[in-house]
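Only one structure is covered here, and it is reproduced in the block below.
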Amino acid sequence: MKKLLALALTLVMTLGLVGPVLAAEKKDAVQLMEELGVFGEYIDRTPREQVEYFCERAQEYKISYPEDWAGFDAEVYLASEPDKFLSKEEYIATADIRTEEEFADSVFYWYIVETYNPDDVVLITDPDYTFDPIEPLPERWWMDDVPPAEPTLTLYVNGVATDVEVTAGEGVTYADADALRQFFGPQAVPETAIGLLPIRETVQKAGWDVGWYSNRWSGEQEVQLWDKAAYESYLAEEFGPLNDFLTKAVKASGNALFAETPTTTHETVNVELTRFSTLDGDKTYPLTLEADMTLGGGILDMTVTFDVSELLKAFPADALESVTKLGGFSVTQLRQFLKAGVAEFIIDYNTGDMAYNIPLLALVDEDLAGWQSESFSGADGLTQVLEEMEALSLTSTLYAQMTSTASYAGAEYGLDSYESLTQMLALFAGKERFTVHNGKTTYTLTTRAMNEALSALINAEPDEDGELDRIARPVYSFFKAFDVTYTLDEVGNVTADLHIRPDMDGIASTIAKAYESSYYGDPSASGVIEIVMGLALKGYDMDLTASSQGSAARSTGSMELHWNNVGKLTVRTTATQTGGKTPRSIDDIVK
């Protein structure tokens, strides 16, 4: 894809001893990693875990370099250049070293890296840059005969490489003032500024962001400049309505789970399952379900009662009798449980504990009778997730995703990924899909818009420069109906309607055309493919309609799924908030 302009940076002093120190600033490796937020092997490691990793590597190096280890004295090594390295005491304190053995091993790790692979250890003093030491050559046996790549410094502006010359020294990159002035104007780079200027300092004065990417295999290194204001201006215009809509929806739903005052909701669900039969007549099986759910203080307490016993009439009596015998219970017992079924659940998101009582399970396994308890992971992060959702900023997230991707995969790839994502998102959730009237925000997606969007994705072809070619192409018919309308007002009232029906003939035709235009396509066979695919897809012809309306206090909904020549599923729901009650405690229940 076409880019704009760009960046690159580089180099800096190779390590005298990256692990124990940061040159004259005397920072140890662990501290440096934390400051720089390194990628690769060290990501998500705590300082202690990093030390343990160093020591594990050292054990392997002792075998690979027995002569070096035999004569190695970590304390003497650190003391060899006192102006450059931390003292033993400082190193032990800052690196979370706990034993003499760990001290010796961790220093030996960096001694080997620096001695046998110095070109792969880049020390960068700018706090926005990262370094990623890799294994010594003996562990990279496939690279033994490959000389280190010559580093290249390239300036990228908004994802596009420039021919601006970049120089580096002492961890700082520089470019000519005239070159920088063409990007940032005379306010950021006055006419009086001449010669080489530090890139980061100049760029940040202009309000831009600076990034860094280094490919340790190719030697390619990039200084990346991003016009944050321009990107966020476009994103705010194109996706501002979507961002506002999502923020409003999250706020309207509330954070009932962790609210101090519990809320209780009673929901009824009535289901009708109809099986079509032109010979014996249609059969309908009514099913009912009721649920009482209490939320508050990080606890979910829910009791479900149900009657789904009519489902048993859908199966032959003899076959059902045979199946239940295998399970060790009778059809009568099964019918009783299904007619007056009950299931209870209590989930404590504060502790990660869950308890459940499902009598139906006891029919299969007596050990599951009564209350059971289990633990689950991930509960501790739920509060933070909910808080982040309330403060959601889609536009900032999209920009941050682009620059983050560019930092570990390069500016061009970061921009490519960003453009692909935003183009696709704009098709389905861009500003054209939203309207605001009298305080109500409405999202609409029509059948035509859906078919055009999907066709645009299929028709997209890269041109010589990789730019997606969006010229007019056929609009295929994937859906006979795809109509979505969702309206949300300022106080959380919702109205939603949905109608979806695939176009099986249109999908078969699209598949045939794709085959015909493919490398191995045969125009004479495309007609046969269309007929065969059409017949195969007919069995999956369905029509779905759904609607809902209301608020958190009271809501109703309905859904009907019609499977052509097979059956129909109809669901109607009503949910009402009742007076709050205290959720039950898992400890009290299980004990």
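The values are calculated or read from the model by the stated rules, or taken from the named source; none is laboratory data. What you see is a predicted model; the values in this text were computed from it and never measured. FYI the Cβ positions are ideal-geometry reconstructions off the backbone, even for glycines, and counts take in every protein chain you see. For the accessible areas, the whole protein counts, side chains as well, though only heavy atoms, and no ligand, DNA or RNA atoms are used. Shrake-Rupley method; radii C 1.70, N 1.55, O 1.52, S 1.80 Å.
Values as computed for the structure displayed
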| read-out | value |
| --- | --- |
| Filter result (closer than 22 Å to K283 by Cβ, acidic (D, E) and crowded, with 16+ Cβ neighbours inside 10 Å) within region 305-350 | E310 |
| Residue that is surrounded by the most Cβ atoms within 10 Å (Cβ to Cβ) [pool: residues in region 436-449 that are part of a strand (DSSP E or B) and more than 28 Å from the chain's Cα centre (by Cα)] | K440 |
| Residue that is farthest from K568 (Cα to Cα), among those in region 253-265 that are surrounded by 18 or more Cβ atoms within 10 Å (Cβ to Cβ) and out of contact with any helix residue (DSSP H, G or I) (no Cβ under 6 Å at 6 or more places or on another chain) | P262 |
| Given (1) open to solvent by less than 40 Å² (accessible area, probe 1.4 Å); (2) in a helix (DSSP H, G or I); (3) free of Cβ contacts under 8 Å to residues at least 12 places away in the same chain, index of the condition S233 fails | (1) |
| Residue in region 351-368 that is part of a loop (DSSP other than H, G, I, E, B), modelled with pLDDT under 85, surrounded by 15 or more Cβ atoms within 10 Å (Cβ to Cβ) and in contact with a strand residue (DSSP E or B) (Cβ under 6 Å, 6 or more places away or on another chain) present | yes |
| Some residue of region 135-143 being modelled with pLDDT of 85 or more, on the phi < 0 side of the Ramachandran plot and not aliphatic (A, V, I, L, M) | no |
| Elements of type helices (runs of 4 or more DSSP H) contained in region 487-591, each with 1 or more residues being within 33 Å of the chain's Cα centre (by Cα) and within 30 Å of D353 (Cα to Cα) | 586-590 |
| D105 at pLDDT 70 or above and touching a helix residue (DSSP H, G or I) at 6+ places or on another chain (Cβ under 7 Å) | yes |
| Region 79-97, subset modelled with pLDDT under 75 and closer than 12 Å to C55 by Cβ, residue surrounded by the fewest Cβ atoms within 10 Å (Cβ to Cβ) | D96 |
| Residue satisfying all of: in region 569-591; of a type in the set (K, R) and at pLDDT below 95; surrounded by the most Cβ atoms within 10 Å (Cβ to Cβ) among these | R584 |
| Meets criteria (over 26 Å from V271 (Cα atoms) and of a type in the set (G, A, S)) for G341 | no |
| Every residue from region 150-169 that is in a strand (DSSP E or B), surrounded by 18 or more Cβ atoms within 10 Å (Cβ to Cβ) and among the hydroxyl-bearing types (S, T, Y) | T154, Y156 |
| Scan of region 277-326 for residues that are without any contact (Cβ under 8 Å) to a residue 12 or more places away in the chain and among the aromatic types (F, W, Y), ordered by number | F315 |
| Qualifying residue in region 240-248 (condition: within 30 Å of V342 (Cβ to Cβ), small (G, A, S) and either touching a Lys or Arg at 6+ places or on another chain (Cβ under 8 Å) or surrounded by fewer than 15 Cβ atoms within 10 Å (Cβ to Cβ) (or both)) | no |
| Scope region 266-300; condition of a type in the set (S, T, Y), touching a strand residue (DSSP E or B) at 6+ places or on another chain (Cβ under 6 Å) and open to solvent by 30 Å² or more (accessible area, probe 1.4 Å); matching residues | T268, T284, T288 |
| Hey, Y111 open to solvent by 40 Å² or more (accessible area, probe 1.4 Å), at pLDDT 75 or above, out of contact with any Gly (no Cβ under 6 Å at 6 or more places or on another chain) and under 30 Å from Y213 (Cβ atoms) or not | yes |
